[in-house]
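The values are calculated or read from the model by the stated rules, or taken from the named source; none is laboratory data. All figures in this text were calculated on a predicted structure; none of them were measured in a lab. Positions of Cβ are backbone-derived with ideal geometry, glycine not excepted, and every protein chain shown enters the neighbour counts.
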Amino acid sequence: MDNAHQHRSSADVTVVASAAHGLGDFIRLQGGDPDSVFGNVGLNPELLADPTLHLPLTGFCGAFEEASRQTHNDNFGLDFGRQFKPANIGLLGYIALSSPTLGDAFCTMSRLFAGHQQNTLMRLRDEGSVCRLEYQILHCAIQHKRQDAEMTMAAFTNLARHALGNRWAPEQVLFEHLRPEGWHKHSKFFDAPVLFGQPRNAMIFKRSCLERPMPDKDGLLLQLLSATMQRNLPVIDSKTSLADSVRREIQQALDHEDLNLKLIAGRLNLTSWTLQRRLNELSLTFTSLVDDVRWNIACNKLTQSSLPISELAVQLGFSEVSAFSRAFSRTHGMSPRQWRQSRPVWSPL
(Lines give C-alpha, C1' and ligand atoms only; values in the text may rest on other atoms or scores of the structure.)
Protein backbone atom coordinates (compact mmCIF):
# COMPACT_ATOMS: atom_id res chain seq x y z
CA MET A 1 0.00 0.00 0.00
CA ASP A 2 1.53 3.30 -1.08
CA ASN A 3 0.73 6.21 1.25
CA ALA A 4 3.60 8.44 0.21
CA HIS A 5 1.19 11.12 -1.01
CA GLN A 6 -0.52 11.25 2.37
CA HIS A 7 2.52 11.72 4.60
CA ARG A 8 5.19 14.33 5.00
CA SER A 9 8.56 13.51 3.50
CA SER A 10 10.69 11.31 5.73
CA ALA A 11 13.35 14.03 5.65
CA ASP A 12 10.87 16.43 7.27
CA VAL A 13 10.63 14.27 10.41
CA THR A 14 13.61 15.10 12.58
CA VAL A 15 15.43 14.52 15.85
CA VAL A 16 17.81 16.94 17.58
CA ALA A 17 21.44 16.05 16.82
CA SER A 18 22.32 15.92 20.53
CA ALA A 19 20.56 12.53 20.63
CA ALA A 20 23.52 11.16 18.66
CA HIS A 21 26.15 12.71 20.95
CA GLY A 22 29.28 10.55 20.85
CA LEU A 23 27.89 8.14 18.26
CA GLY A 24 30.88 8.37 15.91
CA ASP A 25 33.36 7.69 18.71
CA PHE A 26 31.26 4.79 19.98
CA ILE A 27 31.15 3.22 16.52
CA ARG A 28 34.97 3.37 16.42
CA LEU A 29 35.15 1.87 19.90
CA GLN A 30 33.06 -1.03 18.65
CA GLY A 31 35.43 -1.57 15.71
CA GLY A 32 33.33 0.17 13.06
CA ASP A 33 33.88 3.02 10.60
CA PRO A 34 31.55 5.96 11.34
CA ASP A 35 32.08 7.50 7.89
CA SER A 36 30.94 4.26 6.28
CA VAL A 37 27.96 3.97 8.63
CA PHE A 38 26.78 7.55 8.09
CA GLY A 39 27.46 7.39 4.36
CA ASN A 40 25.43 4.22 3.89
CA VAL A 41 22.34 5.82 5.47
CA GLY A 42 22.79 9.24 3.85
CA LEU A 43 23.49 11.07 7.12
CA ASN A 44 25.72 14.14 6.93
CA PRO A 45 28.31 13.74 9.72
CA GLU A 46 28.76 17.53 9.87
CA LEU A 47 25.25 17.80 11.30
CA LEU A 48 26.33 15.69 14.28
CA ALA A 49 28.92 18.28 15.30
CA ASP A 50 26.25 20.83 16.32
CA PRO A 51 23.89 19.49 19.02
CA THR A 52 21.29 22.15 18.20
CA LEU A 53 20.79 21.04 14.58
CA HIS A 54 18.16 18.55 13.47
CA LEU A 55 18.81 15.18 11.81
CA PRO A 56 16.36 13.25 9.63
CA LEU A 57 14.82 10.66 11.95
CA THR A 58 15.10 8.02 9.22
CA GLY A 59 18.85 8.59 8.98
CA PHE A 60 19.24 8.66 12.75
CA CYS A 61 17.52 5.30 13.22
CA GLY A 62 19.22 3.92 10.14
CA ALA A 63 22.64 4.84 11.54
CA PHE A 64 22.06 2.73 14.65
CA GLU A 65 20.85 -0.24 12.59
CA GLU A 66 23.78 0.10 10.19
CA ALA A 67 26.24 0.43 13.07
CA SER A 68 24.84 -2.76 14.57
CA ARG A 69 25.42 -4.58 11.28
CA GLN A 70 28.90 -3.21 10.59
CA THR A 71 30.22 -3.77 14.13
CA HIS A 72 28.55 -7.19 14.38
CA ASN A 73 27.10 -6.06 17.71
CA ASP A 74 23.46 -7.08 17.79
CA ASN A 75 23.01 -5.08 21.03
CA PHE A 76 24.64 -1.90 19.71
CA GLY A 77 21.72 0.36 20.66
CA LEU A 78 21.51 -1.06 24.18
CA ASP A 79 25.26 -0.68 24.69
CA PHE A 80 25.19 2.91 23.43
CA GLY A 81 22.27 3.73 25.71
CA ARG A 82 23.95 2.19 28.75
CA GLN A 83 26.74 4.77 28.62
CA PHE A 84 24.52 7.67 27.47
CA LYS A 85 24.25 10.29 30.22
CA PRO A 86 21.01 12.30 30.69
CA ALA A 87 22.79 15.57 29.89
CA ASN A 88 23.83 14.16 26.51
CA ILE A 89 20.17 14.22 25.43
CA GLY A 90 20.62 17.96 25.03
CA LEU A 91 18.11 20.65 25.93
CA LEU A 92 15.45 18.10 26.87
CA GLY A 93 17.95 16.28 29.09
CA TYR A 94 18.85 19.44 31.00
CA ILE A 95 15.15 20.19 31.44
CA ALA A 96 14.72 16.77 33.04
CA LEU A 97 17.76 17.23 35.29
CA SER A 98 16.51 20.67 36.42
CA SER A 99 13.00 19.42 37.27
CA PRO A 100 11.82 19.28 40.91
CA THR A 101 11.07 15.53 40.92
CA LEU A 102 11.51 12.51 38.68
CA GLY A 103 7.78 12.64 37.98
CA ASP A 104 8.05 16.26 36.88
CA ALA A 105 11.00 15.31 34.68
CA PHE A 106 9.13 12.55 32.86
CA CYS A 107 5.94 14.64 32.54
CA THR A 108 7.75 17.67 31.14
CA MET A 109 9.78 15.52 28.76
CA SER A 110 6.58 13.91 27.49
CA ARG A 111 4.92 17.29 26.96
CA LEU A 112 7.89 18.78 25.10
CA PHE A 113 9.17 15.66 23.34
CA ALA A 114 7.88 16.77 19.93
CA GLY A 115 10.43 19.60 20.08
CA HIS A 116 13.18 17.01 20.46
CA GLN A 117 11.96 14.24 18.17
CA GLN A 118 8.98 14.39 15.84
CA ASN A 119 6.32 11.80 15.01
CA THR A 120 7.16 9.96 18.21
CA LEU A 121 5.16 9.02 21.28
CA MET A 122 6.55 9.60 24.75
CA ARG A 123 3.85 9.24 27.37
CA LEU A 124 3.67 8.69 31.14
CA ARG A 125 0.60 6.70 32.17
CA ASP A 126 -0.63 6.39 35.76
CA GLU A 127 -1.87 2.85 36.38
CA GLY A 128 -2.50 2.99 40.11
CA SER A 129 0.39 1.57 42.11
CA VAL A 130 2.65 1.63 39.05
CA CYS A 131 3.37 3.97 36.15
CA ARG A 132 4.16 3.17 32.55
CA LEU A 133 6.59 5.30 30.54
CA GLU A 134 5.90 4.58 26.87
CA TYR A 135 8.04 5.31 23.83
CA GLN A 136 7.22 4.58 20.20
CA ILE A 137 8.26 6.00 16.84
CA LEU A 138 5.02 6.55 14.92
CA HIS A 139 6.43 7.48 11.51
CA CYS A 140 5.39 4.74 9.10
CA ALA A 141 8.49 5.10 6.90
CA ILE A 142 10.73 3.94 9.76
CA GLN A 143 10.32 0.19 10.03
CA HIS A 144 13.68 -0.89 11.46
CA LYS A 145 13.94 0.78 14.86
CA ARG A 146 15.02 -1.86 17.36
CA GLN A 147 18.39 -0.25 18.10
CA ASP A 148 16.77 3.16 18.69
CA ALA A 149 14.20 1.64 21.05
CA GLU A 150 16.81 -0.13 23.15
CA MET A 151 19.05 2.93 23.26
CA THR A 152 16.15 5.14 24.33
CA MET A 153 14.84 2.84 27.06
CA ALA A 154 18.37 2.50 28.43
CA ALA A 155 18.71 6.31 28.45
CA PHE A 156 15.39 6.66 30.31
CA THR A 157 16.63 4.11 32.84
CA ASN A 158 19.83 6.11 33.34
CA LEU A 159 17.74 9.22 34.03
CA ALA A 160 15.70 7.35 36.63
CA ARG A 161 18.87 6.00 38.25
CA HIS A 162 20.26 9.54 38.40
CA ALA A 163 17.47 10.30 40.87
CA LEU A 164 16.93 6.89 42.48
CA GLY A 165 20.46 5.49 42.60
CA ASN A 166 22.48 3.19 40.39
CA ARG A 167 20.97 0.05 41.92
CA TRP A 168 17.39 1.06 41.09
CA ALA A 169 15.48 -1.26 38.79
CA PRO A 170 12.07 -0.96 37.10
CA GLU A 171 9.37 -3.55 37.62
CA GLN A 172 9.32 -4.53 33.95
CA VAL A 173 10.60 -3.39 30.54
CA LEU A 174 8.69 -3.97 27.29
CA PHE A 175 9.90 -3.87 23.69
CA GLU A 176 8.01 -3.96 20.38
CA HIS A 177 10.56 -6.11 18.60
CA LEU A 178 11.10 -9.83 19.00
CA ARG A 179 13.49 -11.24 21.56
CA PRO A 180 17.08 -11.09 20.26
CA GLU A 181 19.67 -13.79 20.81
CA GLY A 182 21.54 -11.67 23.35
CA TRP A 183 18.48 -10.91 25.49
CA HIS A 184 20.31 -11.85 28.70
CA LYS A 185 22.24 -8.59 28.37
CA HIS A 186 18.96 -6.66 28.52
CA SER A 187 17.87 -8.47 31.67
CA LYS A 188 21.22 -7.75 33.31
CA PHE A 189 21.23 -4.02 32.53
CA PHE A 190 17.61 -3.33 33.46
CA ASP A 191 17.75 -5.84 36.36
CA ALA A 192 14.10 -6.60 35.66
CA PRO A 193 11.93 -8.90 33.55
CA VAL A 194 12.15 -7.87 29.89
CA LEU A 195 9.30 -8.81 27.54
CA PHE A 196 9.51 -8.65 23.74
CA GLY A 197 6.91 -8.54 20.97
CA GLN A 198 4.79 -6.03 22.91
CA PRO A 199 2.46 -3.34 21.46
CA ARG A 200 4.78 -0.52 22.60
CA ASN A 201 8.17 0.04 24.16
CA ALA A 202 7.65 0.84 27.83
CA MET A 203 9.21 0.90 31.27
CA ILE A 204 6.95 0.01 34.20
CA PHE A 205 7.92 1.15 37.69
CA LYS A 206 6.41 1.90 41.10
CA ARG A 207 4.41 5.11 41.23
CA SER A 208 6.23 6.20 44.39
CA CYS A 209 9.40 6.68 42.29
CA LEU A 210 7.87 9.80 40.76
CA GLU A 211 8.11 11.63 44.09
CA ARG A 212 11.90 11.37 44.31
CA PRO A 213 13.57 14.81 44.05
CA MET A 214 16.02 15.36 41.22
CA PRO A 215 19.54 15.92 42.64
CA ASP A 216 20.24 18.95 40.42
CA LYS A 217 16.81 20.63 40.47
CA ASP A 218 16.90 24.30 39.49
CA GLY A 219 13.62 26.17 39.11
CA LEU A 220 14.97 29.20 37.25
CA LEU A 221 17.00 27.12 34.82
CA LEU A 222 14.00 24.87 34.23
CA GLN A 223 11.82 27.88 33.38
CA LEU A 224 14.36 29.27 30.91
CA LEU A 225 15.03 25.93 29.23
CA SER A 226 11.34 25.02 29.00
CA ALA A 227 10.53 28.34 27.32
CA THR A 228 13.27 27.69 24.76
CA MET A 229 12.04 24.15 24.16
CA GLN A 230 8.46 25.35 23.80
CA ARG A 231 9.54 27.49 20.85
CA ASN A 232 10.97 24.37 19.20
CA LEU A 233 7.63 22.58 19.18
CA PRO A 234 6.36 22.02 15.63
CA VAL A 235 3.47 24.14 14.44
CA ILE A 236 0.32 22.02 14.17
CA ASP A 237 -2.17 24.46 12.69
CA SER A 238 -1.53 23.69 9.01
CA LYS A 239 -3.80 21.27 7.19
CA THR A 240 -1.04 18.74 6.56
CA SER A 241 0.03 18.86 10.20
CA LEU A 242 -3.57 18.33 11.28
CA ALA A 243 -3.76 15.10 9.30
CA ASP A 244 -0.45 13.97 10.82
CA SER A 245 -1.74 14.83 14.30
CA VAL A 246 -4.92 12.83 13.74
CA ARG A 247 -2.90 9.83 12.54
CA ARG A 248 -0.66 10.09 15.59
CA GLU A 249 -3.59 10.20 18.01
CA ILE A 250 -5.28 7.29 16.22
CA GLN A 251 -2.15 5.16 16.55
CA GLN A 252 -1.92 5.93 20.25
CA ALA A 253 -5.60 5.02 20.74
CA LEU A 254 -5.85 1.84 18.65
CA ASP A 255 -6.21 -0.28 21.78
CA HIS A 256 -8.97 1.99 23.14
CA GLU A 257 -12.40 0.39 23.31
CA ASP A 258 -14.14 3.48 21.92
CA LEU A 259 -11.87 4.66 19.12
CA ASN A 260 -14.06 7.20 17.34
CA LEU A 261 -14.10 10.73 15.96
CA LYS A 262 -15.21 12.23 19.28
CA LEU A 263 -12.34 10.63 21.19
CA ILE A 264 -9.67 11.86 18.77
CA ALA A 265 -11.23 15.32 18.47
CA GLY A 266 -11.15 15.64 22.25
CA ARG A 267 -7.47 14.71 22.35
CA LEU A 268 -6.80 17.50 19.85
CA ASN A 269 -8.96 19.99 21.80
CA LEU A 270 -11.43 20.21 18.92
CA THR A 271 -15.12 19.49 18.61
CA SER A 272 -16.14 16.49 16.52
CA TRP A 273 -17.84 18.77 14.02
CA THR A 274 -14.74 20.98 13.62
CA LEU A 275 -12.43 18.02 13.12
CA GLN A 276 -14.77 16.46 10.57
CA ARG A 277 -15.04 19.74 8.67
CA ARG A 278 -11.26 20.20 8.57
CA LEU A 279 -10.74 16.64 7.37
CA ASN A 280 -13.35 17.21 4.65
CA GLU A 281 -11.33 20.21 3.49
CA LEU A 282 -8.43 17.78 2.95
CA SER A 283 -10.70 15.31 1.12
CA LEU A 284 -10.11 12.90 4.00
CA THR A 285 -12.42 11.03 6.33
CA PHE A 286 -11.82 9.81 9.85
CA THR A 287 -12.48 6.23 8.74
CA SER A 288 -9.90 6.46 5.96
CA LEU A 289 -7.28 7.70 8.42
CA VAL A 290 -8.02 4.87 10.85
CA ASP A 291 -7.63 2.37 8.01
CA ASP A 292 -4.44 4.11 6.87
CA VAL A 293 -2.88 3.78 10.33
CA ARG A 294 -4.09 0.21 10.88
CA TRP A 295 -2.79 -1.12 7.57
CA ASN A 296 0.59 0.56 7.91
CA ILE A 297 1.03 -1.04 11.33
CA ALA A 298 -0.30 -4.37 10.09
CA CYS A 299 2.09 -4.53 7.13
CA ASN A 300 5.00 -3.46 9.32
CA LYS A 301 4.29 -6.07 12.00
CA LEU A 302 3.64 -8.83 9.47
CA THR A 303 6.96 -8.12 7.77
CA GLN A 304 9.18 -7.28 10.74
CA SER A 305 8.06 -9.87 13.29
CA SER A 306 6.48 -13.25 13.82
CA LEU A 307 3.81 -11.79 16.08
CA PRO A 308 0.79 -14.12 15.99
CA ILE A 309 -1.93 -12.75 13.74
CA SER A 310 -4.46 -13.17 16.55
CA GLU A 311 -2.40 -10.84 18.79
CA LEU A 312 -1.92 -8.36 15.96
CA ALA A 313 -5.68 -8.26 15.44
CA VAL A 314 -6.18 -7.29 19.10
CA GLN A 315 -3.48 -4.60 18.91
CA LEU A 316 -5.25 -3.08 15.91
CA GLY A 317 -8.59 -2.91 17.71
CA PHE A 318 -10.37 -5.90 16.13
CA SER A 319 -12.52 -8.00 18.46
CA GLU A 320 -11.98 -11.15 16.39
CA VAL A 321 -9.13 -12.35 14.18
CA SER A 322 -11.66 -13.28 11.48
CA ALA A 323 -12.82 -9.66 11.24
CA PHE A 324 -9.21 -8.52 10.87
CA SER A 325 -8.50 -11.14 8.20
CA ARG A 326 -11.59 -10.17 6.17
CA ALA A 327 -10.79 -6.46 6.35
CA PHE A 328 -7.14 -7.05 5.44
CA SER A 329 -8.11 -9.27 2.51
CA ARG A 330 -10.51 -6.65 1.14
CA THR A 331 -7.75 -4.05 1.17
CA HIS A 332 -4.74 -6.12 0.09
CA GLY A 333 -6.29 -8.90 -2.00
CA MET A 334 -4.86 -11.65 0.20
CA SER A 335 -5.06 -12.83 3.80
CA PRO A 336 -2.58 -11.60 6.45
CA ARG A 337 -0.95 -15.03 6.49
CA GLN A 338 -0.51 -15.03 2.71
CA TRP A 339 0.82 -11.48 2.80
CA ARG A 340 3.40 -12.44 5.44
CA GLN A 341 4.50 -15.52 3.49
CA SER A 342 4.97 -13.45 0.33
CA ARG A 343 7.52 -11.18 2.02
CA PRO A 344 10.73 -12.22 3.79
CA VAL A 345 11.06 -11.29 7.46
CA TRP A 346 13.85 -8.76 7.91
CA SER A 347 16.87 -9.85 9.97
CA PRO A 348 19.15 -7.38 11.75
CA LEU A 349 22.34 -9.19 10.76
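Of note:
- The criterion of at least 2 residues that are in the same structural domain as residue 146 (by TED's automatic domain parsing), at pLDDT 85 or above and surrounded by 15 or more Cβ atoms within 10 Å (Cβ to Cβ) is met by none of the helices (runs of 4 or more DSSP H) wholly inside the range 282-349.
- Criterion: surrounded by fewer than 22 Cβ atoms within 10 Å (Cβ to Cβ) and assigned to a helix (DSSP H, G or I) - qualifying residue of 113, 38, 80: 113
- Only one of 174, 178, 221 that is of a type in the set (A, V, I, L, M, F, W, C), in the same structural domain as residue 83 (by TED's automatic domain parsing) and under 24 Å from residue 100 (Cα atoms): 221
- Lone unmet requirement of (1) at pLDDT 95 or above; (2) under 26 Å from residue 216 (Cα atoms); (3) in contact with a Gly (Cβ under 9 Å, 6 or more places away or on another chain); (4) not β-branched (Val, Ile, Thr) for residue 96: (3)
- Scan of the range 262-276 for residues that are over 13 Å from residue 242 (Cβ atoms) and outside any helix (DSSP H, G or I), ordered by number: 271
- Some residue of the range 187-201 being under 21 Å from residue 92 (Cβ atoms) and surrounded by 17 or more Cβ atoms within 10 Å (Cβ to Cβ): yes
- Taken residue by residue, the range 154-163 has no member that is surrounded by fewer than 18 Cβ atoms within 10 Å (Cβ to Cβ), among the polar types (S, T, N, Q), farther than 21 Å from residue 218 by Cβ and within 17 Å of the chain's Cα centre (by Cα).
- Being touching an Asp or Glu at 6+ places or on another chain (Cβ under 7 Å), on the phi < 0 side of the Ramachandran plot and not hydroxyl-bearing (Ser, Thr, Tyr) is a property that residue 123 has.
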